[in-house]
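A short worksheet on the structure shown next.
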Amino acid sequence: MLEGFRAFAPGLARKNEGFGPEYFEHLARLESGHFWFEHRNRVILWGVRRFLPQAKSFLEIGCGTGFVLSAIRANDPRSRLAGGEIHVGGLTFARRRLPGVELFQIDATSIPFESEFDAIGAFDVIEHIEQDVMALKEAHRALVPGGILFLSVPQHPFLWSAVDEHSFHKRRYQAGALRKKMVDSGFEVLHMTSFVSVLLPLMILSRLRRRSSAPLAPGEELKIPRWLNTVFSTVLAWEQYLIRRGWNLPAGGSLFAVARRPDSPVA
């Protein structure tokens with residue numbers, strides 16, 4: 001046990017190369033009401049409702065402050081929910097949001113479960129992991145046969161900037177490369193779409209200004225005026241409509257993917 005949580009990788013609980021623990025406090029303040037986090041939650045919930053509406057168990061890998069998992073619980077309070085996070089500091093915030101939910105400290109490249117969960121989510125997590133394919137294979141092993149993986153990652157290597165460096169990213173993804181890694185890990189890809197697509201031109205302009213490694217305060221890139229947050233939220237409502245209609249948007253700041261562990265091994 002570590003600070004009241006089961007710890008499966010205690011040596012990485014307070015210091016590792018994947019994410020700065022000081023970011024959790026800033027995230028906990030910013031997430032609720034922020035256009036990007038709210039939009040991602042809506043995309044995730046759409047995916048869960050479409051591809052696995054009757055999930056009896058859901059594990060989120062890299063649950064952070066519990067913002068996504070709290071939305072999943074509100075969507076289906078009957079499911080067994082669990083959250084794993086490598087930083088014990090993130091779990092302290094998640095515990096406040098998720099009373100009664102099983103939370104534990106884990107390393108995504110060594111998940112301590114096998115054929116356990118109907119669904120696993122990893123939302124903006126594997127880009128922090130050097131061995132991202134190993135993390136995907138571990139998620140595959142922890143799913144029941146027929147189980148579903150929900151995944152989001154930052155997209156387009158050309159958007160790489162100081163924001164990625166200060167966010168401890170190892171990479172940004174191309175859709176084809178992500179699909180190949182998922183298939184190589186044993187998954188059948190069911191759906192993939194970009195999101196935050198309508199704001200991509202603004203992202204390109206913003207990232208061009210962030211090519212250098214100039215210091216950034218934790219969460220600085222997420223802070224925007226309230227009026228602009230409202231504008232972005234309104235614009236993204238149109239994108240949500242397209243995604244709900246089943247559109248596969250070809251470009252955007254992020255990728256959302258849904259994949260299935262086959263009932264039998266892929267030949």
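The values are calculated or read from the model by the stated rules, or taken from the named source; none is laboratory data. Because the structure is predicted, anything quoted here is derived from the model rather than measured. Cβ sites come from the backbone with ideal geometry, for glycine too, and all protein chains shown count toward neighbours.
Only residues that are out of contact with any helix residue (DSSP H, G or I) (no Cβ under 7 Å at 6 or more places or on another chain) and surrounded by fewer than 19 Cβ atoms within 10 Å (Cβ to Cβ) were counted in the range 105-117, giving 2. One residue alone among Ser161, Ser167, Ser152, Ser110 is farther than 25 Å from Phe51 by Cβ, under 16 Å from the mean Cα position of the chain (by Cα) and small (Gly, Ala, Ser), and that residue is Ser167. Looking across Glu130, Glu114, one residue alone is farther than 28 Å from Glu221 by Cβ and either charged (D, E, K, R) or modelled with pLDDT under 95 (or both). It is Glu114. Residue-level analysis places Lys180 outside the set of residues that are within 18 Å of the chain's Cα centre (by Cα) and surrounded by fewer than 15 Cβ atoms within 10 Å (Cβ to Cβ). Any residue that is hydrophobic (A, V, I, L, M, F, W, C), assigned to a loop (DSSP other than H, G, I, E, B) and in contact with a Leu (Cβ under 8 Å, 6 or more places away or on another chain) - is there at least one of those in the range 182-190? Yes, the range 182-190 has at least one match. Per the listing Leu151, Leu136, the residue uniquely assigned to a helix (DSSP H, G or I), in contact (Cβ under 8 Å) with a residue 40 or more places away in the chain and surrounded by 24 or more Cβ atoms within 10 Å (Cβ to Cβ) is Leu136.
Flag: Glu85 matches the condition of being modelled with pLDDT of 95 or more and either over 29 Å from Ser194 (Cα atoms) or touching a helix residue (DSSP H, G or I) at 6+ places or on another chain (Cβ under 7 Å) (or both). Residues that are in a helix (DSSP H, G or I) and out of contact with any helix residue (DSSP H, G or I) (no Cβ under 9 Å at 6 or more places or on another chain) were ranked within the range 235-260; the one that is surrounded by the most Cβ atoms within 10 Å (Cβ to Cβ) is Leu242. The set of residues in the range 26-73 that are charged (D, E, K, R) and out of contact with any Ser or Thr (no Cβ under 9 Å at 6 or more places or on another chain) comprises Arg29, Arg42, Arg49, Arg50, Glu60.
Would you mind finding the one in Leu27, Leu59, Leu45 that is touching a residue at least 12 places away in the same chain (Cβ under 8 Å) and crowded, with 22+ Cβ neighbours inside 10 Å?
On the way: Leu27 fails: crowded, with 22+ Cβ neighbours inside 10 Å; Leu45 fails: crowded, with 22+ Cβ neighbours inside 10 Å.
Matching residue, one of Leu27, Leu59, Leu45: Leu59.
If only residues of the range 83-107 that are out of contact with any strand residue (DSSP E or B) (no Cβ under 8 Å at 6 or more places or on another chain) and assigned to a helix (DSSP H, G or I) are counted, the one that is farthest from Ala71 (Cα to Cα) is Gly89.
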